[in-house]
Amino acid sequence: MLRLQATAAAPAPAEHGEGPVWDGAELHWVDITAGLVRHGTVAADGAVTERAAQRGGDTVGVVVPAAAGGWLLGAGGGFTHLAPDGAARVLVELSGEGGSPDSGGTRMNDGACDRAGRFFAGTMAFDERSGAGSLYRLGTDGVVTTVLTGLTVSNGLGWSPDDRTVYLSDSGDSVVWAFPYDLATGEFGSRREFLRFDGTDGVADGLTVDDEGCVWTAMWGGGAVRRWSPDGELLAVVDVPVENATSCCFAGPDRDVLVVSTSRQGLDDAARAAQPDAGRLFVARPGVTGPPAFPYRGPL
């Protein structure tokens, strides 16, 4: 089994870094609790340089490129368009979602676009109560559909290279589900358990699928990213020297740099002192490549 050590990248730490995506030219990631979308470049040698940060909402769970320009966000309790000049405009406020932590509210969390340009994004309760999360699909016609309910922390999402399987992490239930997927309609089939975690090595947070069809899970509480075969066999571990790895993607000109986001959220003063790089991006070169993020192709 391959085992590698990730190294810290240059950009300053986030409080709750999440969701790096590579659009083919630039890297984008979010600081959820700060409500920020951050943008940068990834060089062939893996060096990451931040160029800008823009506010997308009170909380921002996910960013994807938009074919019509700018970026589409899962922010607050719905979908927001972020223009290149930093103007944030709410497109959809989801019924039954949103609110504050004190009122038992929910917020948008992770998501991704399929090859056809549909945007899927999930929710979670601020208090992470069981069953409060859902997964939504924003279609290329601008229509929102509820795909799944009863999730706890709807998290990482990714498709197999042939688009016939979609993987979804529910961190609150310590599981990664696999579903048959119909690219023509955007429909999920019946789920099966792909991975189940007992907490010993953390739980799967965000994920990505590489060009060979293997699934990479960032391990919250596990200080690592793990690579799994389509049959669920552990193939590789990339160690990250902080406790909470949150998500990952492949980036750079050759799409061979694994970029890992991390978080300081929930760490007490002692843990923050012991993990000064928590919240930073980390990079490694595991010898495989992954696809760029698909853009949202609907109206803005």
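Report, by residue number, each residue of the stretch 222-245 that is open to solvent by 40 Å² or more (accessible area, probe 1.4 Å) and not charged (D, E, K, R). The answer is PRO230, LEU234, LEU235, PRO241. Residues being more than 20 Å from ALA116 (Cβ to Cβ), assigned to a strand (DSSP E or B) and in contact (Cβ under 8 Å) with a residue 24 or more places away in the chain are represented in the stretch 131-146 by at least one member.
The number of residues in the stretch 45-57 that are in contact with a Ser or Thr (Cβ under 9 Å, 6 or more places away or on another chain) and not in a strand (DSSP E or B) comes to 4. Within the stretch 196-210, the set of residues being buried (at least 20 other Cβ atoms within 10 Å of the Cβ), part of a strand (DSSP E or B) and touching a Ser or Thr at 6+ places or on another chain (Cβ under 7 Å) comprises VAL203, ALA204, ASP205, GLY206, LEU207, VAL209. Within the stretch 259-300, being in a loop (DSSP other than H, G, I, E, B) and polar (S, T, N, Q) holds for GLN265, GLN275, THR289. Within the stretch 102-120, residues that are more than 15 Å from LEU72 (Cβ to Cβ) and surrounded by fewer than 24 Cβ atoms within 10 Å (Cβ to Cβ) reach no partner that is modelled with pLDDT under 95 and among the acidic types (Asp, Glu) with beta carbons closer than 9 Å at six or more positions or on different chains. The set of residues from the stretch 98-118 being in a loop (DSSP other than H, G, I, E, B) and either among the acidic types (Asp, Glu) or over 18 Å from HIS28 (Cβ atoms) (or both) comprises GLY98, GLY99, SER100, GLY104, GLY105, ASP114, ARG115, ALA116, ARG118. The residues in the stretch 268-292 that are surrounded by fewer than 18 Cβ atoms within 10 Å (Cβ to Cβ) and either among the small types (Gly, Ala, Ser) or closer than 17 Å to GLY222 by Cα (or both) can be counted, and the count is 9.
Inspect all residues belonging to the stretch 192-211 and state whether any of them is within 27 Å of GLU50 (Cα to Cα) and basic (Lys, Arg). No - not one qualifying residue is present in the stretch 192-211. Checking each residue in the stretch 163-192 for being open to solvent by less than 40 Å² (accessible area, probe 1.4 Å) and either at pLDDT below 95 or among the hydroxyl-bearing types (Ser, Thr, Tyr) (or both) picks out THR165, TYR167, SER169, SER171, SER174, TYR181.
The values are calculated or read from the model by the stated rules, or taken from the named source; none is laboratory data. Just so you know, these numbers come straight off a predicted model, no measurement behind them. Because the Cβ atoms are built from the backbone with ideal geometry, glycine has one as well, and the counts that use them run over all protein chains shown. Surface accessibility is based on the protein's heavy atoms, side chains included, excluding ligands, DNA and RNA. Shrake-Rupley method; radii C 1.70, N 1.55, O 1.52, S 1.80 Å.
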